Amino acid sequence: MNSAALTLRPARDEDVPDIIRLIDDAALWLRGQGTSQWARPWPNEAERRRRIERGIELSKETDEDGPKAVTWLVIDDEGRPVATTYITRVPDRLLWTDEELKVKTVYLHRLVIDRDHAGAQLGERLIQWVGEWGRVNWGAEVIRIDVWADNVRLHEYYLKRDFAYMDEVLLQADGTERPDPRLPMHVYPSGVVLHRPLKAVEHWPWVLGLRPDVGLVLGIPGG
C-alpha cells in the first residue's frame, strides 16, 4: 500500500456495485487458496445483493443505541473503494446460543481488502476500528465473527489477531484442528465462530486523532 491517505466512511446505496466488485475480486483470488469460500455467490447473486442492500438500510434504522448496523467503506485518494466490512449488533439467532445473546456484541461480516492493499495491515486496522466503534457506540463487550468453515487460512488469520474459537477444537478429516461448524455448510457455510473481548484503545499509532465517538468520516494514513 502506498503512503496516500485512505478515507473510512459508511457505505451508501450507490456503493453496492463497488462492494460486490470487491467481493468478486476476492473470490477470484480465493479460488487458488484451497477453499470453497465465495466460489459462487451464496446462496445466489440476487440474495447476496439483497443482503448487502439490507445492511446499508439497517444503518438508517436507529433506536436509543444508534444504528442497527453499519457497512464501512475505505476509499483511496483517487476515490476508489479498496476495502469494506459490515458490522451489526443484530445477531443471527440460528447461529448463537441464548447465553451468548446476553452479551452485547459487535458482529463482524464481509471483511474484504483489495489485493493491492494486502499485507499492509488494513484488515487488522479495520477490525480494531469497528471493535472500538461498537464498544463506544453500542456498549459492546466482545467482537464476534462467523467464518467460512473450510477456509482454514482465514481461521488462522483471526487466531493470530487474538480471536479464539468459541467451540471445542476437534481433529478434522483433513488433519487440521478446528471446531465443527455450528450449522451444516449447505445450510450456512460460515458456521465456525470466533470471538475477541473488547477493551478501550488508549493509543492509535496509525490513525491520527481517531475518535470513534464523534464523526464518521476519518482519514487513515496509508502507512
If I filter the range 141-151 for residues that are touching a Pro at 6+ places or on another chain (Cβ under 6 Å) and farther than 30 Å from THR62 by Cβ, do I get at least one hit?
yes
Scanning the range 136-147 for residues that are buried (at least 22 other Cβ atoms within 10 Å of the Cβ) and at pLDDT below 95 gives VAL147
Filter the range 52-103 for residues that are over 13 Å from the mean Cα position of the chain (by Cα), of a type in the set (Val, Ile, Thr) and closer than 23 Å to GLY191 by Cα and give the result.
VAL90, THR97, VAL103
Given (1) at positive phi; (2) crowded, with 17+ Cβ neighbours inside 10 Å, where does GLY119 come up short, assuming only one miss?
(2)
May I ask you to list the residues in the range 151-171 that are buried (at least 16 other Cβ atoms within 10 Å of the Cβ) and of a type outside the set (Phe, Trp, Tyr)?
ASN151, VAL152, LEU154, HIS155, MET166
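The values are calculated or read from the model by the stated rules, or taken from the named source; none is laboratory data. The structure displayed is predicted, hence computed values, not measured ones. Positions of Cβ are backbone-derived with ideal geometry, glycine not excepted, and every protein chain shown enters the neighbour counts.
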